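Visitor: Pasting a structure below so you can have a look.
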Amino acid sequence: MNRPQAQFGLKFLPSLADFAFLLPIVFVFARMDGTKAMLSDGDTGWHIRTGEWILAHGCVPLTDIFSFSRPGQPWYAWEWLWDVAFALLFRQGGLALVVLASIVLLCLIFVLLFRLVCRYATPLVALPVTMTATVASSIHWLARPHLFTLLFTVIFLWLLELASEGRKRLLWVLPLLTVLWTNLHGGFFVGIILAGGYAAGELLRAAFGEDNGHRREFLRDGRDYLVCAGACLLASLLNPYTYKLHQHVVEYLTDSYQKDHIIEFFSLNFHHPIAPFFEFMLLAGAVASVWHLARGNYRVTVLLAVWGHGALLSMRNIPIFAIVAAPFLAGPVQMGLERLPELPVAGWLRRLARGILATAGNIAEMEKVWRFHPVSLFAVAAVAALLFAPAPPKRFRPEYDPKAYPEAALRTMHFGPNARIFANDEWGDYLIFRLYPTGTKVFVDGRSDFYGRAFEEKYLDAYFVKYDWEQILHKYGIDTILLPVGAALAGALKESSHWHVVYDDGITLVFRPSAVASQVSIAQSDGKGRDREITKTVARDPSITIPSVKSKI
């Protein structure tokens with residue numbers, strides 16, 4: 001076969017870029033819980049319903065539309081463009097299409113990252129670096145708007161690196177992208193920080209670099225990056241809420257309540273399965289920082305220090321750190337591999353390094369050939385077919401986990417539009433998704449930035465049975481309570497003469513006031529695995545269930 005024919009045949013074979021593209025698909029469905037993992041956060045539901053509201057009304061909401069506890073209060077739907085886009089997807093293909101689009105977005109993120117890493121190392125080295133970043137970032141893979149922040153992080157990093165190589169005109173693309181980013185997700189400030197990091201790197205280079213003859217050039221480059229960062233900040237004002245969105249984001253991110261109560265703001269538990277990959281990237285990042293610093297690349301040290309610190313503070317920053325670190329880790333790894341054959345090490349190690357370098361060189365030549373990527377297209381088509389199948393396998397079922405959400409309770413019980421339902425914030429998200437647009441509103445949901453510290457603390461006081469829990473329920477006129485069977489409040493309600501269990505399926509308990517519970521059609525199941533003497537829906541010993549002092553409820 002002659003060379004042109006061989007190259008034509010090669011166009012249909014899988015490349016390492018295909019492997020990078022397929023990494024999220026393999027990880028989601030082989031190592032994670034498939035669609036259950038992508039839909040493990042109820043926020044997806046209220047985002048979709050927000051998008052439907054915007055499509056129906058032709059404007060973004062300025063006040064709350066979902067709760068009865070804070071009606072008419074100002075609300076910032078700061079991811080409104082994602083909400084609209086995915087509401088349209090939901091109309092066409094339900095949750096299956098929402099999950100499919102999110103997975104394809106993840107695939108696009110990491111194939112772009114792989115291509116970026118390939119600028120600093122051969123593809124054979126770039127692939128394991130990308131794989132490590134992929135696994136480390138998987139801690140925050142959800143069908144939610146923040147995936148666009150990961151995508152724009154890769155794009156910004158790529159354009160900033162090209163600008164650092166002399167293509168400064170590309171900097172003016174960044175403010176345009178910031179407008180889109182700002183309206184898709186509140187993480188737009190990541191791009192501003194990245195541009196600021198490059199500016200800081202150039203200014204440090206001018207201050208401490210040994211090449212005094214280029215100091216003016218470094219200062220000019222630092223100025224260009226600063227102007228770019230400022231332009232991105234100004235561009236971010238082009239959103240429905242203008243500067244008020246920025247005030248809101250700052251207040252939200254600096255509120256200690258979020259850091260103490262929202263799981264994704266917590267620091268990583270180093271017993272987590274992704275911890276070894278994160279630890280490796282942190283250690284490798286420290287080595288890479290020194291390596292780049294010795295070569296005058298101050299921007300790398302600044303970026304790795306900023307995002308490494310952010311990742312240690314909050315799990316939600318780990319994916320950003322992994323993406324930012326990956327390209328800068330590849331250079332030292334590649335150089336170390338190239339120098340290994342010359343070092344005074346064991347002969348077998350030098351031979352291994354030469355073999356890897358030879359193979360890497362051959363693969364790099366093959367990777368230069370443009371491909372049709374049929375393997376990637378087939379994989380996406382296969383995932384789509386399984387998601388839309390009439391009876392999909394367990395990991396491909398496009399639904400919220402019925403063992404984690406009150407699916408059966410909502411299917412069995414009837415809640416009128418005037419019901420005042422108390423549930424935890426995660427189930428509040430699910431109630432919005434399932435009950436919209438019937439008019440039924442929720443007590444609380446996952447929009448912690450909207451509810452604020454004072455309200456959230458009252459909600460937790462009730463949920464965890466603090467001394468005034470009954471007064472809180474009474475204040476908001478609660479007439480229905482949905483709880484997981486293990487909730488602390490469930491135990492208190494079982495002992496109260498004022499509340500009665502009207503539904504129990506072993507996952508969800510539904511309580512109604514005792515005065516009306518006898519008029520409700522009782523729905524029961526066997527409540528397997530728990531004491532039926534506790535959860536049964538008939539009265540128990542009055543001396544236990546009736547307190548000596550009546551509460552106000």
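The values are calculated or read from the model by the stated rules, or taken from the named source; none is laboratory data. The shown structure was predicted, so the numbers you read here are calculated from the model rather than taken from an experiment. No Cβ is skipped: glycine too gets one built from the backbone with ideal geometry, and neighbour counts run over all protein chains shown.
Visitor: When you scan segment 475-495, how many residues do you find that are among the acidic types (Asp, Glu) and crowded, with 17+ Cβ neighbours inside 10 Å?
Guide: Result for segment 475-495: 1.
Visitor: What tally of residues in segment 161-176 results from selecting those that are free of Cβ contacts under 8 Å to residues at least 24 places away in the same chain and either outside any helix (DSSP H, G or I) or touching a Gly at 6+ places or on another chain (Cβ under 7 Å) (or both)?
Guide: Residues in segment 161-176 being free of Cβ contacts under 8 Å to residues at least 24 places away in the same chain and either outside any helix (DSSP H, G or I) or touching a Gly at 6+ places or on another chain (Cβ under 7 Å) (or both): 3 in total.
Visitor: Looking only at segment 48-107, how many residues end up being touching an Asp or Glu at 6+ places or on another chain (Cβ under 6 Å) and not basic (Lys, Arg)?
Guide: Of the residues in segment 48-107, 5 are touching an Asp or Glu at 6+ places or on another chain (Cβ under 6 Å) and not basic (Lys, Arg).
Visitor: On the basis of being surrounded by 24 or more Cβ atoms within 10 Å (Cβ to Cβ) and either over 20 Å from residue 155 (Cβ atoms) or out of contact with any Lys or Arg (no Cβ under 7 Å at 6 or more places or on another chain) (or both), does residue 311 make the cut?
Guide: For residue 311, the condition - surrounded by 24 or more Cβ atoms within 10 Å (Cβ to Cβ) and either over 20 Å from residue 155 (Cβ atoms) or out of contact with any Lys or Arg (no Cβ under 7 Å at 6 or more places or on another chain) (or both) - is met.
Visitor: Out of the residues in segment 265-315 meeting the condition of being in contact with an Asp or Glu (Cβ under 9 Å, 6 or more places away or on another chain) and of a type outside the set (Gly, Ala, Ser), tell me which one is nearest to residue 138 (Cα to Cα).
Guide: 315
Visitor: Sticking with this one: Condition check: under 15 Å from the mean Cα position of the chain (by Cα), closer than 21 Å to residue 381 by Cα and hydroxyl-bearing (Ser, Thr, Tyr). Does residue 44 satisfy that?
Guide: Here the answer is no, as residue 44 does not meet what is asked.
Visitor: Considering every residue within segment 267-284, establish whether at least one is more than 23 Å from the chain's Cα centre (by Cα) and within 30 Å of residue 135 (Cβ to Cβ).
Guide: yes
Visitor: For segment 6-101, give me every one of the helices (runs of 4 or more DSSP H) that falls completely inside it and has 2 or more residues that are over 24 Å from residue 442 (Cα atoms) and among the small types (Gly, Ala, Ser).
Guide: Where helices (runs of 4 or more DSSP H) fall fully within segment 6-101 and carry at least 2 residues being over 24 Å from residue 442 (Cα atoms) and among the small types (Gly, Ala, Ser), they are 16-26.
Visitor: Here's another thing I want to ask about it. I'd like to know if segment 322-332 contains one or more residues that are in contact with a helix residue (DSSP H, G or I) (Cβ under 6 Å, 6 or more places away or on another chain), part of a helix (DSSP H, G or I) and either surrounded by fewer than 20 Cβ atoms within 10 Å (Cβ to Cβ) or at pLDDT below 85 (or both).
Guide: Yes, because at least one residue in segment 322-332 is in contact with a helix residue (DSSP H, G or I) (Cβ under 6 Å, 6 or more places away or on another chain), part of a helix (DSSP H, G or I) and either surrounded by fewer than 20 Cβ atoms within 10 Å (Cβ to Cβ) or at pLDDT below 85 (or both).
Visitor: Give me a count of the residues in segment 367-411 that are among the charged types (D, E, K, R), out of contact with any helix residue (DSSP H, G or I) (no Cβ under 6 Å at 6 or more places or on another chain) and not in a loop (DSSP other than H, G, I, E, B).
Guide: Total meeting the criteria: 3.
Visitor: Could you list, ordered by first residue, the pairs with Cβ atoms under 6 Å in which the first is in segment 244-270 and modelled with pLDDT of 90 or more and the second is among the polar types (S, T, N, Q) and surrounded by 13 or more Cβ atoms within 10 Å (Cβ to Cβ), at least 6 apart or interchain?
Guide: 245/239
Visitor: Looking only at helices (runs of 4 or more DSSP H) that lie completely in segment 207-287, which have at least 3 residues being basic (Lys, Arg)?
Guide: 215-235
Visitor: Follow-up. Just the residues that are under 23 Å from residue 401 (Cβ atoms) and under 15 Å from the mean Cα position of the chain (by Cα), please, taken from segment 87-113.
Guide: 98, 99, 101, 102, 103, 104, 105, 106
Visitor: Can you spot a residue in segment 103-116 that is assigned to a helix (DSSP H, G or I), crowded, with 24+ Cβ neighbours inside 10 Å and in the same structural domain as residue 276 (by TED's automatic domain parsing)?
Guide: No - not one qualifying residue is present in segment 103-116.
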